[in-house]
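Have a look at the structure below, then the notes.
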Amino acid sequence: MTTATSDVPVTAESSPLDAFHGSFAPAKPGLLYRVGLGVVAFAMVLLPAIYMGLIALTVWAVFYHLRNNTGILEGGSGRGSFLLMILYLGPAVAGAILVFFMVKPFFAKQARGPEPLTLEPSQEPLLFAFVERICRLVGAPTPSRIAVDCQVNASASLRRGLLSKDLLLTIGMPLASGLDMRQFAGVLAHEFGHFAQGAGMRLTYVIRKINFWFARVVYERDTWDVQLDHAAKNSDFRLAIVLHAARGCVWLTRRILWALMYAGHAISCFMLRQMEYDADSYEVKLAGSDAFESTAEQLQILNVASQYAHGDVRQAWTSSRLPENLPLLINHRAGSLPAEVREKLAASTAGVTTGWFDTHPCDADRVRAARALNEPGVFRLTEPATGPFADFPELSKAITRHQYQKHFALEFTDQNLVPTEEMVRESSANARADEMIRKFYGDVNISLRPLVTDADLPAAAPDENSIGNSQEARRQSAELREHAEKMSTEWRDAQLRLVNAHIANYLTKAGFEIKTEEFNLPQTISLKEQEMTARSAIEENSTIVADRISQLEPFMVTLRRRVRCAIGAAQKSTDPVLREEWSKRSSLMPLLAAVAAEMPHLHQISAKLPALTSLAQNRGNHSDPTVIDRSLSEIATDLQPLLAGIQERLAKFSYPFPHARGTLTVAEYARSEKQTEHALERIFLDSNAHIDRLFNLHYRLLGQILALADSAEKVLEGSETSTQPAA
């Protein structure tokens, strides 16, 4: 139990260092923990030993064969002696290749991520002192470096290997912007709690390294794997037999390693979960049991908010704009999450249980363990966690730029960066659009049938029975939505099969044999059968796609009527707020109709573009690259008129939202601004840009119009209430 028993008031002007009151005893590992530690240590040493034994066994088998099976060479003459030579040397060559593939992971360099953005003690003296105080309480070594990033996470790691004392603390800036000081300190105590475990901490390091290494051996492929596959498929049949035998041995060995990997993972997971409980105890003792529970909830919210914020970044980048402060945007998104999202998040968290192969206990189990400790905590300051940082806004901007440059590999200038407050306003509008699309469409894909067409312009004025018509349209659309959602889901599945069929068709036409199961196609043997199966799948799924879209029309008819009633009411409304909203958004309707009309063409482009990508990626694996070039040209010939038509039809519309390039047309917005002199690459870049940007623009426009319709419906509902006679 911690020695602090009550809250101690701390003013905002005080240093966070003054908010520590009391101390606590370190966690004492139990017998089960120590026994488990020994078992896991033995197992993690045994698994690599088994792997080394497999290598030694393979080498011995090759030499045994060469030394003891020389009788294979006797009695042959002419062509027969050559075949006997293959029978004698073939296993040795296959074995040598197998040994090479088993040994090469020891020497393969792991890809290094970008260097983190590190802080200096002279620049952040309070933060370093705060971290040092937590380390002393926990009994962990003080980190030699502190880095920051944009993750909703904090981590402490050994920078220079198992025996190193060079500890690196990485703090996710969204934690500091989204947690209070008590929660933030608890998260840091948890991370340092791992390093207070002594031998347990170093064993964790070994476990994770070995598990990760096994995963690399089993799943990672490099140019050697590609070259072996290519040589086996394109060599003389006599050599191909040997190479295919080598491929089979490599595959079998990786299956054995896969079993070892899962055995090691299963053995280590129990121990890793116990270590998490142990680290949790430090967090609970420092911040309190109640803070642990609130932190777990807030971390879930921040993780979802981070996904939304990164969606905002992707959407903004379609206009060549980027928020200058990503942690601030994430914090805003966390504060504005819809109630239904929070409810679903809470329900999903409550329904999760800890599995055998989980490295971390589920939140529910961890919260129960924290409650059982019933600790008040020795640090109870609830000021914002930005306090220990010297200049949190500027540091957030610096790490945001670092994220864009080093992790997203974006090319941008200061001109592309916009104040996050502006992006927050747009984010609020996007959240409103999300809410409206869910309200009107449910889970129906909005790009399949247009809501607004040229025939709907201008919006119809309301008639005498606007309220009744609106209510009836809402009732009918609600009744038809379930069927429409089912048709939309079946369209999505058929569209995915269609994309795969196009890829399979072009690959088989170019002479590549494929694994049909990877393309959702029936299993076939010959290349010709594969090509015919792919063509048949294109025809079948194209028919399904068209049919499912047509079955959406009854729902869309009622939805159009519902929106027309609402827009008509807004057009003639005397409500000043609604009139202002009408004046801002009604001009978007012609553009929405034009962009919605391009959705079928975009779906055609998106169905064929992956085939172009797949062919380009496999060009180097073909014996005659000119065959691939002809197929690429064929796809480009199909895509070019689709792109040209979209450009021509949208050239007369101005892009309605802010853009880093200033004023431009929708056609200019849809084109990729990247320069290239290669015609095929130009089509690839423009196709990707059109798909990404026009789907996004359609979503934003539709959200704006539906927000207007929703406001009008609320005014109509108010009018209905006011006209009803009093009881």
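Numerical summary
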{"read-out": "Matching entry among 438, 449 (being at pLDDT 90 or above, over 23 Å from residue 571 (Cβ atoms) and in a loop (DSSP other than H, G, I, E, B))", "value": "449"}
{"read-out": "Complete set of residues in the range 589-602 that are touching a residue at least 24 places away in the same chain (Cβ under 8 Å), of a type outside the set (Gly, Ala, Ser) and surrounded by fewer than 19 Cβ atoms within 10 Å (Cβ to Cβ)", "value": "590, 599, 601"}
{"read-out": "Helices (runs of 4 or more DSSP H) fully within the range 608-727 counting 1 or more residues that are in contact with a Leu (Cβ under 9 Å, 6 or more places away or on another chain) and at pLDDT below 90", "value": "679-723"}
{"read-out": "Selected residue (criterion: surrounded by the fewest Cβ atoms within 10 Å (Cβ to Cβ)) from residues of the range 405-433 that are part of a helix (DSSP H, G or I) and in contact with a helix residue (DSSP H, G or I) (Cβ under 7 Å, 6 or more places away or on another chain)", "value": "432"}
{"read-out": "Residue match in the range 648-657 (condition: under 26 Å from the mean Cα position of the chain (by Cα), on the phi < 0 side of the Ramachandran plot and surrounded by fewer than 21 Cβ atoms within 10 Å (Cβ to Cβ))", "value": "no"}
{"read-out": "Top-ranked residue in the range 67-99 [being within 51 Å of the chain's Cα centre (by Cα) and farther than 18 Å from residue 252 by Cβ; ranked as modelled with the lowest pLDDT]", "value": "86"}
{"read-out": "Residue count, the range 502-526 (criterion: surrounded by 15 or more Cβ atoms within 10 Å (Cβ to Cβ) and either within 30 Å of the chain's Cα centre (by Cα) or without any contact (Cβ under 8 Å) to a residue 60 or more places away in the chain (or both))", "value": "13"}
{"read-out": "Neighbours by Cβ (under 8 Å, 6+ apart or cross-chain): first from the range 490-501, assigned by TED's automatic domain parsing to the domain that holds residue 548; second among the hydroxyl-bearing types (Ser, Thr, Tyr)", "value": "498/542; 499/606"}
{"read-out": "Options 470, 477: the member that is modelled with pLDDT of 90 or more, among the polar types (S, T, N, Q) and in a helix (DSSP H, G or I)", "value": "477"}
{"read-out": "Count of residues meeting criterion [loosely packed, with under 13 Cβ neighbours inside 10 Å and touching a residue at least 24 places away in the same chain (Cβ under 8 Å)] in the range 339-389", "value": "3"}
{"read-out": "Within the range 174-268, helices (runs of 4 or more DSSP H) holding 1 or more residues that are under 30 Å from the mean Cα position of the chain (by Cα) and either at pLDDT below 75 or more than 30 Å from residue 381 (Cα to Cα) (or both)", "value": "199-219, 223-234"}
{"read-out": "Any hit, the range 551-558, residues being in contact with an Asp or Glu (Cβ under 8 Å, 6 or more places away or on another chain), crowded, with 20+ Cβ neighbours inside 10 Å and within 26 Å of residue 469 (Cβ to Cβ)", "value": "no"}
{"read-out": "Within the range 561-586, tally of residues that are in a helix (DSSP H, G or I) and touching a residue at least 40 places away in the same chain (Cβ under 8 Å)", "value": "18"}
{"read-out": "Sole residue being under 30 Å from residue 212 (Cα atoms), among the polar types (S, T, N, Q) and either in contact with a helix residue (DSSP H, G or I) (Cβ under 7 Å, 6 or more places away or on another chain) or modelled with pLDDT under 85 (or both), chosen from 349, 318", "value": "349"}
{"read-out": "Those residues of the range 239-265 which are surrounded by 13 or more Cβ atoms within 10 Å (Cβ to Cβ) and charged (D, E, K, R), in sequence order", "value": "247, 254"}
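The values are calculated or read from the model by the stated rules, or taken from the named source; none is laboratory data. The structure presented is a predicted model; accordingly, all values stated were derived computationally and were not measured. Reconstructed Cβ throughout: ideal geometry from the backbone, glycine too, with neighbour counts over all protein chains shown.
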